[in-house]
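Trainee: Before anything else, here's the structure in question.
Derivation of every value follows stated rules applied to the coordinates shown; laboratory data play no part. Given the structure is predicted, the values throughout are model-derived calculations rather than measurements. Ideal geometry is used to build each Cβ from the backbone, glycine not excepted, and the neighbour counts take in all protein chains shown.
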C-alpha cells in the first residue's frame, strides 16, 4: 500500500547555468549551458515522493503566471493532489537562479514570490486532509511562522512530522518537541546546535544535541558519505552508494521525499535512510531538481 503523505512547502522555477566553474564576486563567466527546470524544495520533495510510490498532497502557493500554471500542470502529471495549491493573484511564482560547476557544486539565490504568502489559513484549509495522512514533510522556504503553526497543530494531532530545516536558519526552541524527525545537513546542524559537523563523531554529537532539544529522531545528511541516524535503537552512519556527481542541486530534497515514502510504508528509520541514500545518489548523476528525481524501479538497480 502506498503511504499517504502531505508536503507543505515551496514551488519555484529554477533557471540553471552549468559552467566550468562558479564565479567569484565581481567576476563574469562566459560560456556554459542554460536550462529551465521546475524546482522549489517543497515541490522537489513532493515529486520525489510521488515518483517513489507515495500518494502525495501538496500545500503551496504559486503566482498567477506562466511559471505557476506550468508547475500545477506538472504536479498533476506526476499524480500529486493539487487541491491545496493556491494561485496568488498579487505575487509572482518563486524563482531560483542556480549556477552549477563541472564538479556538480552549486550556488543558489531564491526570490520566493508567492511562497512567502503561504499563511496559517492555507494550513487550516488542509487540516482535515492532514488528519488522514501517514506523515507530513515541511521545509523552510515558506514563512517560519507558517511552518511553526503547522508543526504545532500537527503535533497536537499526534501526526508524524518531519522537518527538513533548509535553507539553514535558527528555529524556535518550542518547535522541536513536536517533531517526529529532523533532517539537517552539516551546515544546518551546526546552526541549530553550534557543533561543527565534519565527520561521524561530530555528527553524533550534533544529533545528540538535537534530541536533547526534544526531537524524537535525527538524521543528519553528509553528502556523498551518506547520513548519520540517531534514535533510541540506532546510532550509526549509513553509507551512500558511490557515484559520479554532475549536479547536487536537489539531492537533499530527493533524500527527504524518498525518506518519508519509506517511513509511511512502515519501514524502519534505518531502512528508510538506506532507501533515501540510494535515491539521492541517483539524483546527483542528473541535471536539474525535480528532473533528477528517480522512479521506484530505478532504485532496484542501485
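Trainee: Going by a ≥ b ≥ c, the root eigenvalues of the Cα gyration tensor, does region 35-128 fall in the rounded group (a/c under 1.5), the prolate group (a/b larger than b/c) or the oblate group? Intermediate values should be presented prior to the final figure.
Mentor: Working: a/c = 1.92, a/b = 1.30, b/c = 1.47.
It is oblate, given that a/c is not under 1.5 and a/b is not larger than b/c.
Trainee: Next question, about the same structure. Top mean-square fluctuation among 273, 47, 215, Gaussian network model of the chain, C-alpha springs under 10 Å?
Mentor: So, out of 273, 47, 215, the one fluctuating most is 215.
Trainee: Looking at region 57-113, what % of its DSSP beta bridges pair antiparallel, to the nearest 5?
Mentor: Values: 6 of 11 bridges.
Roughly 55 percent of the DSSP beta bridges within region 57-113 come out antiparallel.
Trainee: So if we plug the beta-carbon distance of residue 20 and residue 243 into 1/(1 + (r/R0)^6) with R0 = 25 Å, what FRET efficiency do we get, rounded to 0.05? List each step's numbers first, then the result.
Mentor: Details: r = 21 Å, r/R0 = 0.84.
E(calc), rounded to 0.05, equals 0.75.
Trainee: Taking Cα pairs under 8 Å and at least six residues apart, what relative contact order does region 151-249 come out at, in percent? Provide the component values of the computation, followed by the final result.
Mentor: Values: 170 pairs, mean separation 20.1, N = 99.
Value for region 151-249: 20 percent.
Trainee: Could you line up 253, 90, 65, 247 from fewest to most neighbouring Cβ atoms inside 10 Å? Please list the in-between numbers first.
Mentor: Values: 253 31, 90 8, 65 17, 247 26.
Ascending number of Cβ neighbours within 10 Å: 90, 65, 247, 253.
Trainee: Just order 119-131, 170-182 by mean Cβ neighbour count inside 10 Å, highest at the front, would you? Don't skip to the answer; put the middle values down first.
Mentor: Numbers: 119-131: 14.7, 170-182: 17.7.
Ranking the peptides 119-131, 170-182 by packing returns 170-182, 119-131.
Trainee: Note down the relative contact order for region 24-137 as a percent, whole number, built from C-alpha pairs under 8 angstrom at least six residues apart.
Mentor: 23
Trainee: Provide the FRET efficiency to the nearest 0.05 for the residue 131-residue 225 pair, computing r from the beta carbons and using R0 = 45 Å. List each step's numbers first, then the result.
Mentor: Details: r = 38 Å, r/R0 = 0.84.
With R0 = 45 Å, the Cβ-Cβ based efficiency is 0.75.
Trainee: A follow-up question, please. Percent relative contact order of the chain, based on C-alpha pairs within less than 8 angstrom and at least six residues apart?
Mentor: Numbers: 721 pairs, mean separation 57.7, N = 302.
Reported as a whole number, the value is 19 percent.
Trainee: Based on the inverse mean of 1/r over its pairs of different Cα atoms, what is the Kirkwood hydrodynamic radius of region 20-86, in Å? Could you put the intermediate results ahead of the total?
Mentor: On the way: mean 1/r = 0.0718 Å⁻¹.
After inverting the pairwise mean of 1/r, the radius is 13.9 Å.
Trainee: Roughly how many whole Å is it from the C-alpha centroid of region 120-138 to that of region 148-195?
Mentor: Rounded to whole Å, the Cα centres lie 17 Å apart.
Trainee: How much mean residue ellipticity at 222 nm does the chain get from its helices, if each DSSP H run of length 4 or more adds -39500 (n - 2.57) and you divide by all residues, to the nearest 500 deg cm²/dmol? Mind dumping the intermediate values first?
Mentor: On the way: 9 runs with 101 residues, N = 302.
It comes out at -10000 deg cm²/dmol, rounded to the nearest 500.
Trainee: Go ahead and set up a Gaussian network model of the chain, Cα springs under 10 Å, then flag whichever of 139, 217, 70 fluctuates most.
Mentor: Among 139, 217, 70, the largest mean-square fluctuation in the Gaussian network model of the chain belongs to 70.
Trainee: Within 10 Å of each residue's Cβ, count the other Cβ atoms and sort 87, 248 from fewest upward. Please list the in-between numbers first.
Mentor: Values: 87 14, 248 18.
Listing 87, 248 from fewest to most nearby Cβ atoms yields 87, 248.
Trainee: Between residue 174 and residue 121, what is the FRET efficiency for a Förster distance of 25 Å, r being their Cβ-Cβ separation, to the nearest 0.05? Could you put the intermediate results ahead of the total?
Mentor: Values: r = 22 Å, r/R0 = 0.87.
That pair, residue 174 with residue 121, gives E of 0.70.
Trainee: Moving on. Indicate, rounded to the nearest 5 percent, the antiparallel portion of the DSSP beta bridges found entirely in the chain. Don't skip to the end; give the middle numbers.
Mentor: Numbers: 21 of 51 bridges.
Here the share of antiparallel DSSP bridges comes out near 40 percent.
Trainee: Out of 146, 208, 132, any idea which swings most in a Gaussian network model of the chain, alpha carbons joined below 10 Å?
Mentor: 132
Trainee: Quick one: which of 220-231, 188-199 comes out on top by average Cβ neighbours within 10 Å, and what's the full order, highest first? Don't jump to the answer; show the numbers that get you there.
Mentor: Numbers: 220-231: 21.5, 188-199: 17.7.
Put in order of decreasing packing, that is 220-231, 188-199.
Trainee: Based on DSSP, what percent of beta bridges with both residues in region 6-81 are antiparallel, to the nearest 5?
Mentor: Details: 7 of 11 bridges.
The antiparallel fraction comes to roughly 65 percent.
Trainee: Just report the Cα centroid separation between region 1-63 and region 225-266, whole Å.
Mentor: 18
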